[in-house]
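The values are calculated or read from the model by the stated rules, or taken from the named source; none is laboratory data. Quick caveat, the model's predicted, so the values are computed rather than measured. Note that we place each Cβ from the backbone using ideal geometry, even for glycine, and neighbour counts take in every protein chain shown. The protein model used for the area step is the full one, side chains on, heavy atoms only, and it has no ligands, DNA or RNA in it. Shrake-Rupley method; radii C 1.70, N 1.55, O 1.52, S 1.80 Å.
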Amino acid sequence: MTDETDATPDPGRDPAPDGAPLPSPCPDPAPDGAPVPTPSPDSSPAPLPHRLHQGTSAPPRHPAPHGASGRAGAWRGWREAAGAALYGPGGFYLRPEGPAGHFRTSVHASPLFSSAVARLLERTARELGTDEVAFVDMGAGRGELVAGVLAAVPAGLRVRAYAVERAARPEGLDPRVEWTDAPPKGVRGLLFANEWLDNVPVDVAQADASGTARRVDVREDGSERLGAPVTGADARWLERWWPLREPGTRAEIGWPRDEAWAAAVGTLAAGLAVAVDYAHRAEARPPYGTLTGFREGREVAPVPDGSCDITAHVALDACAAAAAVPGAAAELTSQREALHRLGVSGGRPPLALASRDPAGYVRALAAAGEAAELTARGGLGDFTWLLQRVPGGGYCPA
């Protein structure tokens, strides 16, 4: 996680005039050779950092983004540019190394996460009154979560597993997993989207000197300029969910994520849909947005050339409203609280276990350390879970 608390406030700086290049809204990329941050000081080798970052309190300044070149390309909105950079030919998410080559999610941090999701799947099956249930892994990466869930489900629970991903199916994946580029329709069970919505590309808006929200255009080298005023669906979404009033303030326009989440929830005939991501709510939107990049274990400037991940926090409250189901409540809670409910605790094992079962004590201590990482304040524990129930025949919401 990158510390951005040293950003120097500059509230009097005017935004660039129409068509003029804008400074990039994220901190300097780490210099070559800088140490990769690690949440576990005694681990070796150092793990990649979590893909968690904070919105800045003021517009940071830094030189031209890493990777800038003479091949600037045409001006485009961030939604189009990021979509091509992430999912187009040779895109970041289609590379052989997959996301795990550049950052860690909760799935990579500990198998305790997959086990907790398996328990949630089991609970969902009980509430549905069935021993046959679907598990849909949205944005499956290389299938790490779905494989972990299948390994952890109890005997007797029959699971139809789906991995929804644009990249090719990885070799060696459990043959029970159906690999698909779209979620199946009409299934009953658990749909789980871990750090998927943050990679649904969105446009970026910035208020000009008069307070008018304008689209931010970007080139392939990451340089930016203010474009046309925001209109239509973009303007309506901003006004409801993230109004821009002060010159220089920025927002990521989230309606494409709302639509993506509503469509995913709509594929369930009954069950539970869960989205896990770094998020913000209407009462605490970051004033300068959260758009950033990740590459090879470091947070970097977002450059839409396919060289890095491009991501931004998710307005999960807006997603919840877009996918609202009559008669079913949606809940937003922290990962820390959600995992505690599912039996993941960072508490130390009793010392008496050390004398009675030394090896068991060591295993329990290691598990407690992993649980602490998954639920840590200022880290993975601060992720937000959106739980959206879909009532159906034989289903009783908890």
Which one of 183, 164, 193 has its Cα pushed farthest toward the positive end of the charge dipole of region 156-195, where Lys and Arg give +1 and Asp and Glu give -1 at the Cβ? 183
Would you calculate the separation in nanometres between label points at residue 228 and residue 209, each defined as 7 Å from the Cα along the Cα-to-beta-carbon direction? 2.3 nm
If the chain between residue 87 and residue 130 were fully stretched, how many nm would it gain, using 0.36 nm times the residue separation less the Cα-Cα distance? 11.8 nm
So for the pair residue 365, residue 155, with labels modelled 7 Å out along Cα→Cβ, what separation do we get in nm? 3.3 nm
³J(HN,Hα) computed for each position of region 232-237 - Karplus, 6.51 cos²θ - 1.76 cosθ + 1.60, integer Hz, glycine/proline x: x, 4, 4, 5, 5, 5
Point-to-point label distance, residue 331-residue 240, nm (Cα→Cβ direction, 7 Å offset): 2.5 nm
Report the rotationally averaged projected area of region 260-305 based on its alpha-carbon convex hull, in square nanometres. 5.7 nm²
With a cut-off of at most 11 other beta carbons within 10 Å, and DSSP calling the residue loop, which GluC sites (Glu not before Pro) in region 155-204 qualify? Please list them. 171
Exposure rank, largest accessible area first [210, 115; 1.4 Å]: 210, 115
Is the C-alpha gyration tensor of region 96-218 telling us rounded, prolate or oblate? Criteria: a/c under 1.5 is rounded; beyond that, a/b larger than b/c is prolate, otherwise oblate. prolate
Of all GluC sites (Glu not before Pro) in region 292-398, which ones are in loop regions per DSSP and have a Cβ with at most 14 other Cβ atoms within 10 Å? 296
Would you mind checking which residues have amide H under 5 Å from residue 160's amide H? H placed 1.01 Å from N; only 5 or more apart, or other chain. 133, 134, 135
Sequence order, region 304-311: Karplus ³J(HN,Hα) from phi using 6.51 cos²θ - 1.76 cosθ + 1.60, θ = phi - 60°, Hz rounded, Gly and Pro as x, gives x, 10, x, 8, 8, 5, 10, 8
Given the Cα-Cα distance of residue 182 and residue 94 and 0.36 nm per residue of separation, how much length would full extension add, in nm? 30.1 nm
Assuming a ≥ b ≥ c are the square roots of the Cα gyration tensor eigenvalues, decide whether region 249-365 counts as rounded (a/c under 1.5), prolate (otherwise, with a/b larger than b/c) or oblate. oblate
Figure the gain on full extension for residue 341 and residue 74 (residue separation times 0.36 nm, minus the Cα-Cα span) and round it to one decimal in nm. 91.2 nm
Amide H contacts under 5 Å for residue 141, restricted to residues at least 5 apart in sequence or on another chain and with H modeled in the peptide plane, are none
